[in-house]
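Values in this text are rule-based calculations from the coordinates and carry no lab data. In this text the structure is predicted, and so the values were computed from the model without any measurement. Using ideal geometry, Cβ is built from the backbone for each residue, glycine included, and neighbour counts are taken over all protein chains shown.
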Amino acid sequence: MTVPTLNGKRHRQELLRQLVAQYAVGSQGELVALLARHGVDATQATVSRDLEELAIDKIRGADGRESYVLPEPMGLQRILRQFVLGVDASANLAVVRTPPGAAGTVASAVDQAGVPGVLATVQGDDTILVVAREGLTGREVADRLLALKESRPPVPQDPRQDSQMEKHHV
């Protein structure tokens, strides 16, 4: 048995990250098979260690299936498509519904993406309150999130948005 070189490990882990970002992969066995299709031989134990080292977690998507997700933002649009079940609004709040356990992933992605008009997010297990900035309504923020999810043309950034104010994730 050959011990993989550091470059081999780096290559395998980078490919693993790409595969997790591109596909809804639900098991380590699937990852082993995908790696093999890309010319990289790895055991399930190796993939398990790689997943731990890369901090790749599993989360249940809107379709009820579990899949691996990268620790850093996968891209807000993809996260919204994969995990958002619905978006509604009231006053200065947008209410985002997700499967159980997915609210943190979505809230973090919204915070990191700097969605125009979003002041802050507050998450539970399967619900996120998105607070609109002063002068905007929850409906306007909800519509922006839905536009991102549905690949509609982006809603223009509000010129009143204070870019210096930090968003707080609770």
What is the spin-label model distance, in nm, from A36 to L85 if the labels are put 7 Å beyond Cα along the C-beta direction?
3.6 nm
Tell me which residues come under 5 Å, amide H to amide H, from L85 once H is placed; ignore anything under 5 positions away on its chain.
R97, T98
Listed by chain and number, the residues whose amide H is under 5 Å from that of G117, excluding neighbours fewer than 5 places away on the same chain and using placed H, are D158
Charge tally for neighbours of L16 with beta carbon under 12 Å away, counting Lys, Arg as +1 and Asp, Glu as -1, is 0
List the residues, sorted by chain then number, that are 5 or more residues from A42 or on another chain and whose placed amide H is less than 5 Å from its amide H.
none
With N residues in region 12-133, what two-decimal value do you get for its Cα radius of gyration over 2.2 N^0.38 Å?
1.18
